[in-house]
Amino acid sequence: MTPLEILKTVFGYSSFRPMQEDVITNVLEHRDSLVLMPTGGGKSLCYQIPALILEGTTVVVSPLISLMKDQVDALNASGIAAAALNSNNSEEENFKIRAQAKSGRLKILYISPERLQREIPWMRQNLHVPLFAIDEAHCISQWGHDFRPEYTQLGNLHDDFPQACIMALTATADKLTKEDIVKQLRLNSYKVFISSFDRPNLSLDVRRGYTGKEKTRAILSIIKRHANESGIIYCLSRKNTEKVAEILCDAGVAARAYHAGMSSEERNAVQEDFINDKIDVVCATIAFGMGIDKSNVRFVIHYNLPKSIESFYQEIGRAGRDGLPSETVLFYSYQDIVTLRGFVNESGQKEINSEKLDRMQEYAESLICRRRILLNYFGESDSENCGNCDVCKNPPRRFDGTILVQKALSAIKRTNEQIGFSMTAQILKGFNDEEIVQNGYDKIKTFGAGADVTLKDWHDYLLQMLHLGFVEIAYNESNHLKITGSGKEVLSGKKIAELAVPDRTEPEKDRKRKKKEFVHSDFDESVAADDGLFEALRKLRRDIADENNWPAYVVLSDKTLKELSSTPPLSIEDLYGVFGFGEKKIEKFGQRFVDAITDFLGNSGRLVQISRDTIQQDNGMSHMESQKLLYAKAYEPWSEEDDLKLEQLYNQGLTTSELSKKMGRGNGAIRSRLRKLGIVD
C-alpha cells in the first residue's frame with residue numbers, strides 16, 4: 001500500500017498534515033531526517049507509516065516507559081504489531097518480544113536509550129533495522145530543556161547499523177539545540193523538516209500579579225468551564241503542587257499532586273489515573289508530561305512563570321492534541337522572576353539560561369499578540385494577530401504614566417536603591433511598616449505619594465517599568481531595584497513613559513464565545529454535537545478501554561466522538577471515512593458504537609431509519625444533507641402491529657440489518673425491541 005492508503009485504512013485519517021508526507025518520502029528514499037513538529041502535530045505517523053512499508057523492524061527510542069506503553073496500545077488497537085522492550089516487562093515477556101522481532105512479526109519496537117545500548121549486540125545479529133526513530137531528540141543536547149546524558153550514546157547507531165537511516169523528532173528546539181542534535185547523532189545526507197509551530201486551537205492567556213486567592217478563584221472558574229474534562233496545572237515548587245491539589249480536592253475536583261519527591265510508585269499511579277480519566281486534574285512540577293500522549297487535555301495552567309519559551313511551549317502543547325479548542329493560562333508575578341533568577345544563577349549554564357528566561361519574561365509582559373511572539377521565537381513570522389490570545393481579545397488601554405513612573409523612581413532613588421518591588425509599592429502607598437519606619441523611609445518625600453493607587457496596581461506598574469527598561473533587578477544585592485539610564489531620563493523629564501491600564505477582568509464569557517466560534521478544519525461541525533450522545537459514547541469508550549486495559553483515548557479521540565455525535569453513523573459502512581476510525585477499529589468495536597448511537601437516538605425519540613441511498617438518489621442530496629434529514633424526522637413509538645411484524649420477520653431468519661431495513665429503524669433499536677419482547681436474551 002502507498003503511505004496515503006495506509007493513512008486512510010489503518011489510521012482512519014483522510015489526508016496528511018503539513019510535512020508528514022514529505023518526511024515519509026525522505027525515509028523511503030533512505031535519508032536521515034530531523035523533524036520539528038509541535039506537540040500534537042503528528043510526529044509519530046512520520047515513522048509509523050514507513051515502518052509498515054519497510055522490511056524489518058523499526059526501532060523507536062523513547063525516554064519514558066509510560067510513553068512507550070501508550071504508543072504500543074494505540075498501534076495494537078489499530079492492528080499494528082508493536083511492542084516495548086523495557087524493565088516493566090518480565091524477562092519472559094521480553095524474551096517473547098525478542099522472538100517476535102527476530103521472526104519478522106514485529107513491525108515497531110520501542111526501547112529506552114539505556115536499554116538500547118545493552119540490546120545492540122543482539123540486534124546486530126538478529127534484526128534487520130531499516131529505521132531508528134529518536135523521539136524527544138532534544139534530550140540529546142546539553143542546550144535542550146530536558147538534557148539526558150544517556151541520549152548522547154546514540155551517536156554510534158550509524159556505525160552499528162550502517163543499513164539503517166535515522167529520524168530525530170522533537171517538538172521544541174532552538175537553533176543551538178538543532179545543531180547539537182545533528183552533530184551528536186551524526187546524521188548523514190539529512191533533511192530538516194520544520195512544520196508550523198502554530199496551534200490555533202490553543203487560546204493563550206497571561207494573568208499578571210494575581211494573589212494566591214485570586215489564582216485559586218480563577219483556576220476554579222477555568223475548571224468549571226471544563227467540567228469532567230482533563231487539565232494540567234504546572235507549579236514551580238513541590239509544595240505548591242500539593243497545596244493547589246488539596247485546595248481543588250476540597251472544592252470537589254478530582255485532583256492529585258505529582259512531583260519528584262514522590263515515590264516512583266506514587267507518580268506512576270497518578271499518571272495512570274490521569275491517563276485513564278480517573279482523575280481530572282494533575283498539579284505537577286515540570287517532571288510531569290513528557291510521557292503523556294493524552295489527546296483530550298482541555299486546559300493547561302501555569303501557576304508560575306516557566307523557565308523558558310521551549311518549556312512553556314512544550315507544556316501548553318499537551319493541551320488540545322486532538323485539534324479541538326483548548327485553553328492555556330499563565331499566571332505571572334515578580335516573585336517568579338526572583339525565584340527563577342536564583343535557579344539560573346546556580347545553574348551550570350548561567351548565560352544561556354538567563355537569555356532563555358529573558359525571552360520568557362518578555363513573552364509574559366508583552367502587549368502585542370502572544371502567538372506572534374511564540375511563532376517568531378521558533379523562526380516563523382506572521383503579519384496577522386491571532387485573535388485567540390488575551391492581548392488580541394482585550395487590547396490594552398494605554399495612558400501617559402510619566403508621573404506614576406517618576407514617583408516610583410523617586411522612591412527608589414531616595415532609598416539609595418536599597419529596596420525591592422514590595423517595599424517600593426508599600427512606600428508609595430504610605431504603609432507604616434516596621435521595616436519602613438526603622439529605615440526612615442517614612443520620612444522621604446515620596447512616602448505616600450501614590451496612596452490613591454491600589455497596591456496591586458503599583459505591583460503591575462513596577463513590572464511594566466521593569467519590562468520597559470526603566471529599572472532592573474540586582475539579583476546579587478538582595479533583588480534591589482536599580483534605576484537604568486532610560487529610567488533616569490524619565491525621572492528628569494526628558495522622556496515620556498507610557499503604561500497600560502491593568503486589566504483583571506475574568507474573560508469567561510468572551511472565552512466561551514471564542515470556543516463556540518472555533519471550527520477545526522479537519523471535520524464539519526455545522527451540526528452541533530449532541531451532548532447526551534457524546535456522553536453515551538464516552539461511556540462506551542471507557543468500557544472498551546477497561547476491557548483492553550487501554551487509556552480511553554487509545555480507543556477513539558474526543559474529536560472522533562464529537563464527529564460521531566454531530567453526524568451519527570447508522571451503519572458499519574458509515575464509519576468508513578470517520579476521523580480516526582481505521583479498518584481494524586471498525587472491525588473490533590465499530591458495531592458497538594453504531595448500536596450505541598442507534599439505541600440513543602431511538603430512545604431519545606429522534607430517529608426514523610430511512611434508506612439513505614433512496615434519499616440521496618431521489619433528492620440528489622449530499623451525505624450531510626441526507627444525514628440532517630434523517631435526524632430531523634420524529635421517532636414513532638412501537639405499535640402492536642410493529643411488534644407482530646418484527647416477530648414474524650425475525651422468525652423468517654432475517655438478520656438484524658435486514659430487519660432494520662424492513663422496519664425502518666436502527667440496528668440498535670431493533671435489538672433493543674427484540675429483547676423487550678423477550679424474543680432474544
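In the stretch 114-173, of all residues being modelled with pLDDT under 85 and among the charged types (D, E, K, R), the one that is farthest from Glu315 (Cα to Cα) corresponds to Glu150.
Scanning the stretch 362-381 for residues that are part of a helix (DSSP H, G or I), more than 16 Å from Phe197 (Cβ to Cβ) and out of contact with any Lys or Arg (no Cβ under 9 Å at 6 or more places or on another chain) yields a single hit, Glu362. Restricting the search to helices (runs of 4 or more DSSP H) fully inside the stretch 64-133 and requiring at least 1 residues that are of a type outside the set (A, V, I, L, M, F, W, C) and touching a residue at least 60 places away in the same chain (Cβ under 8 Å) gives 65-77. When each of Tyr234, Tyr210 is tested for being assigned by TED's automatic domain parsing to the domain that holds Leu330, among the aromatic types (Phe, Trp, Tyr), within 21 Å of the chain's Cα centre (by Cα) and on the phi < 0 side of the Ramachandran plot, the lone residue that passes is Tyr234. Scanning the stretch 649-663 for residues that are modelled with pLDDT of 85 or more and of a type in the set (Ser, Thr, Tyr) turns up just one, Tyr650. Val437 passes every criterion in (1) among the aliphatic types (A, V, I, L, M); (2) surrounded by fewer than 20 Cβ atoms within 10 Å (Cβ to Cβ); (3) under 30 Å from Thr328 (Cβ atoms) apart from (3).
Scan the stretch 68-90 and tell me whether some residue there is over 25 Å from Ser326 (Cβ atoms), of a type in the set (D, E, K, R) and surrounded by 20 or more Cβ atoms within 10 Å (Cβ to Cβ). No, the stretch 68-90 contains no residue that is over 25 Å from Ser326 (Cβ atoms), of a type in the set (D, E, K, R) and surrounded by 20 or more Cβ atoms within 10 Å (Cβ to Cβ). Scanning the stretch 84-121 for residues that are small (Gly, Ala, Ser) and under 17 Å from Glu55 (Cα atoms) yields Ala99, Ala101, Ser103, Gly104.
For the residues Ala669, Ala632, Ala596, the requirement of being out of contact with any Asp or Glu (no Cβ under 8 Å at 6 or more places or on another chain) and modelled with pLDDT under 70 singles out Ala632.
Within the stretch 382-419, the set of residues being part of a loop (DSSP other than H, G, I, E, B), small (Gly, Ala, Ser) and modelled with pLDDT of 90 or more comprises Gly387, Gly401. When you check Val405 against the structure, is it within 39 Å of the chain's Cα centre (by Cα), surrounded by 15 or more Cβ atoms within 10 Å (Cβ to Cβ), among the β-branched types (Val, Ile, Thr) and assigned by TED's automatic domain parsing to the domain that holds Ile496, yes or no? Spelling it out, it is not the case that Val405 is within 39 Å of the chain's Cα centre (by Cα), surrounded by 15 or more Cβ atoms within 10 Å (Cβ to Cβ), among the β-branched types (Val, Ile, Thr) and assigned by TED's automatic domain parsing to the domain that holds Ile496. Within the stretch 294-320, take every residue that is closer than 14 Å to Val206 by Cα and among the aliphatic types (A, V, I, L, M) and give me the one that is nearest to the chain's Cα centre (by Cα). Here the answer is Ile316. When the stretch 554-590 is limited to residues that are aromatic (Phe, Trp, Tyr) and over 20 Å from Ser660 (Cβ atoms), the one that is surrounded by the fewest Cβ atoms within 10 Å (Cβ to Cβ) turns out to be Phe579.
In the stretch 1-25, the residue that is surrounded by the fewest Cβ atoms within 10 Å (Cβ to Cβ) out of those that are part of a loop (DSSP other than H, G, I, E, B) and among the aliphatic types (A, V, I, L, M) is Met1. Number of residues in the stretch 165-204 that are closer than 30 Å to Pro325 by Cβ and of a type in the set (A, V, I, L, M): the value is 6.
Selection over the stretch 26-50 of residues that are closer than 19 Å to Ile108 by Cβ and either more than 23 Å from the chain's Cα centre (by Cα) or outside any loop (DSSP other than H, G, I, E, B) (or both) gives a count of 15. Of note, Ile316 does not satisfy the criterion of being surrounded by fewer than 24 Cβ atoms within 10 Å (Cβ to Cβ) and either at pLDDT below 85 or in contact with a His (Cβ under 9 Å, 6 or more places away or on another chain) (or both). Only helices (runs of 4 or more DSSP H) whose full extent lies in the stretch 247-361 are considered here, and the ones with at least 2 residues that are without any contact (Cβ under 8 Å) to a residue 40 or more places away in the chain and touching a strand residue (DSSP E or B) at 6+ places or on another chain (Cβ under 8 Å) are 264-275.
Scanning the stretch 468-483 for residues that are at pLDDT below 85 and surrounded by 15 or more Cβ atoms within 10 Å (Cβ to Cβ), which turns out farthest from Ile419 (Cα to Cα)? Top of the filtered list is Leu468. In the stretch 559-593, the residue that is farthest from Glu535 (Cα to Cα) out of those that are polar (S, T, N, Q) and modelled with pLDDT under 90 is Ser571.
Scanning the stretch 71-102 for residues that are closer than 18 Å to Gln117 by Cβ and among the small types (Gly, Ala, Ser) returns Ala84, Ser87, Ala101. Taking the stated definitions as given, is Asp510 closer than 30 Å to Phe421 by Cα, part of a helix (DSSP H, G or I) and either at pLDDT below 90 or not assigned by TED's automatic domain parsing to the domain that holds Asp599 (or both)? Answer is no for this residue. The residue that is modelled with the highest pLDDT, counting only those in the stretch 485-506 that are in a loop (DSSP other than H, G, I, E, B) and crowded, with 17+ Cβ neighbours inside 10 Å, is Ala497.
Does at least one position in the stretch 442-450 carry a residue that is among the polar types (S, T, N, Q) and either on the phi > 0 side of the Ramachandran plot or crowded, with 19+ Cβ neighbours inside 10 Å (or both)? Yes: the stretch 442-450 contains one or more residues that are among the polar types (S, T, N, Q) and either on the phi > 0 side of the Ramachandran plot or crowded, with 19+ Cβ neighbours inside 10 Å (or both).
Of all residues in the stretch 371-397, those that are over 20 Å from Glu315 (Cβ atoms) have Cβ atoms under 8 Å from Cβ atoms of residues that are modelled with pLDDT of 90 or more and in a loop (DSSP other than H, G, I, E, B), 6 or more apart or on another chain, in Lys393/Gly387. Within the option set Arg341, Arg370, Arg359, being surrounded by 15 or more Cβ atoms within 10 Å (Cβ to Cβ), in contact with a Cys (Cβ under 6 Å, 6 or more places away or on another chain), not aliphatic (A, V, I, L, M) and not assigned by TED's automatic domain parsing to the domain that holds Val471 holds for one residue only, Arg370. Going by the conditions given, is Lys96 under 22 Å from the mean Cα position of the chain (by Cα) and outside the structural domain of Gln271 (by TED's automatic domain parsing)? Against the criterion (under 22 Å from the mean Cα position of the chain (by Cα) and outside the structural domain of Gln271 (by TED's automatic domain parsing)), Lys96 does not qualify. Between Val35, Val23, Val27, the distinction of being more than 24 Å from Asp198 (Cβ to Cβ), among the β-branched types (Val, Ile, Thr) and out of contact with any His (no Cβ under 7 Å at 6 or more places or on another chain) belongs to Val27 only.
The values are calculated or read from the model by the stated rules, or taken from the named source; none is laboratory data. Remember, it's a predicted structure, so these values are computed and weren't measured experimentally. Cβ atoms come from the backbone with ideal geometry, glycine included; neighbour counts cover every protein chain shown.
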